[in-house]
Amino acid sequence: MLIDVTLPQLGESVNEGTISKWLVREGDVVKKDQALVSIATDKADSELPAPAAGRVTKLLAAEGQVVPVKTVIAQIEEGVFATLSAAPGPPVSLPPISSPQPATAAASAPARSTLGALATPTVRKAALENDVDLSAVQGTGERGRVTRDDVMRAASGPVDRAAPAPAPVPAEVPPVAPAPQRAQQLAQLVNQGGGFVPPIPGVGFGAFKVPAYKPHDGDKVVPFTRRRRITADHMTYSKFASPHVVTVAEVDLHRAAKLRDAHKERYKAEGMSLTMLAFVVVATAHALRENSALNARVLEDSYVVFRDINIGVAVDSPDGLVVPVVRRADELGVRGIVRGIDDLARRAKGGKITIDDLGGATFSVSNPGLKGNLFGGAIINQPNVGVLRMGEIQKRVVVVESPDGEDAMAIHPIMYMALSYDHRVVDGVAANGFLWRVTELLEKAEFEV
């Protein structure tokens, strides 16, 4: 009996994956749940297990190939060969039933440029694997985007260079506002998600080109890692898609700091870190429940307000910044938030974060570090409509009211928090109300720890 091995849904909004490396060959006998292939997506990498024990009869996708979810990528013959996988001795490999898949591009092939063209990370990877220079490929996608089909056509034969170039806009003609149909097309592109949306001709931006780099002694050229390229595309898309507005609040953490100092040793003895980040996440979750406009995402011609409050918390990993998710954060107290953040941070630093850990955030909190960070506006993590960025905690002189009603000066720990929000669906009143509520909760510090 032949069993199809399909590429599963590897997380929210993940529609395709790249075959990074086959871990088996045709003819190999495998056990159930044995890793068959390494899959790379825009969120994380993972290994796909065998759905049953048996013999691998066909590998239907080549290494480096980008395949949509639900695509059959291999077949396993179950039953007759399954018992061999449990037999003692070295691993069994039987002759392949079908012809082998084409080999990927040789490692010695000359490097090709992929950074100048408009293309998604998976298309860039396909270009590198097939030794295709994206700058020489005529894109057939929206706004000239290079698609995977364009790359495959270029890999199989000479690139058609006869395609007419778009007519340049005369320099003396001033930029004009986009026509209604052009604006509608832009809105559709913006809300499809993923990748960079190029500038629209005639809008008046996108014409500037940076000068070519000239090498100098001592310079160090650092190639983009896959994670860095994905992050770059995501951040560029977010800035283009969402009209960012930033508002800042000053928070007096006097009571929160005293509460933390009173309990941090107890948490430490239990193997957990009671940080100010935990208090901020708790306050954010409660404020989102009361100000649901920030717990939303934009659709094509509407927006949805989410029921669940899932907060993404930016943490560092060996491959760069990742944003794992604390789910239903409003249902957790301080202890639950601390445990969740500690677990996610520990697995992220150990490279053990999974795709499921990274999907489904409805809002994000960023804590860039302890030093030299007064405040700053973070870029929204799409498809969220808001991100709250913490600043450095510093002791400052503040005016407080004494018990007898007189004003007095005191030295308290102060932090600035900056809220970046998407002005397409979030108005200033809602954003300021949310940030005011987070500030109030932190300053009262009436948390159960």
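Laid out as a table, the results:
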read-out	value
Any hit, region 428-446, residues being assigned to a helix (DSSP H, G or I), touching a residue at least 60 places away in the same chain (Cβ under 8 Å) and among the hydroxyl-bearing types (Ser, Thr, Tyr)	yes
Residues located in region 239-253, provided they are out of contact with any helix residue (DSSP H, G or I) (no Cβ under 8 Å at 6 or more places or on another chain) and part of a helix (DSSP H, G or I)	LYS239
Test: residue in region 351-363 that is out of contact with any helix residue (DSSP H, G or I) (no Cβ under 7 Å at 6 or more places or on another chain), β-branched (Val, Ile, Thr) and part of a loop (DSSP other than H, G, I, E, B)	yes
Filter result (within 28 Å of VAL132 (Cβ to Cβ), in contact with a strand residue (DSSP E or B) (Cβ under 7 Å, 6 or more places away or on another chain) and open to solvent by 10 Å² or more (accessible area, probe 1.4 Å)) within region 43-63	ASP45, SER46, GLU47, LEU48, LYS58, LEU59, LEU60, ALA62, GLU63
All positions within region 393-427 that are within 28 Å of VAL305 (Cα to Cα), part of a strand (DSSP E or B) and of a type outside the set (Gly, Ala, Ser)	TYR416, MET417, LEU419, TYR421, ASP422
Selection from region 391-426 of residues that are surrounded by 13 or more Cβ atoms within 10 Å (Cβ to Cβ) and more than 21 Å from LEU259 (Cβ to Cβ)	ALA418, LEU419, SER420, TYR421, ASP422, HIS423, ARG424, VAL425, VAL426
Count - residues of region 276-334 that are in a loop (DSSP other than H, G, I, E, B) and either touching a residue at least 24 places away in the same chain (Cβ under 8 Å) or among the charged types (D, E, K, R) (or both)	19
Long-range neighbours under 9 Å by Cβ, at least six apart or interchain, first residue within 7 Å of VAL30 (Cα to Cα) and of a type in the set (Lys, Arg) within region 44-56, second in a strand (DSSP E or B) and open to solvent by less than 10 Å² (accessible area, probe 1.4 Å)	ARG55/VAL30; ARG55/ILE76
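The values are calculated or read from the model by the stated rules, or taken from the named source; none is laboratory data. Computed from a prediction, not measured in an experiment: that's the story for all the values here. Note that we place each Cβ from the backbone using ideal geometry, even for glycine, and neighbour counts take in every protein chain shown. With ligands, DNA and RNA removed, areas are computed over all heavy atoms of the protein, side chains included. Shrake-Rupley method; radii C 1.70, N 1.55, O 1.52, S 1.80 Å.
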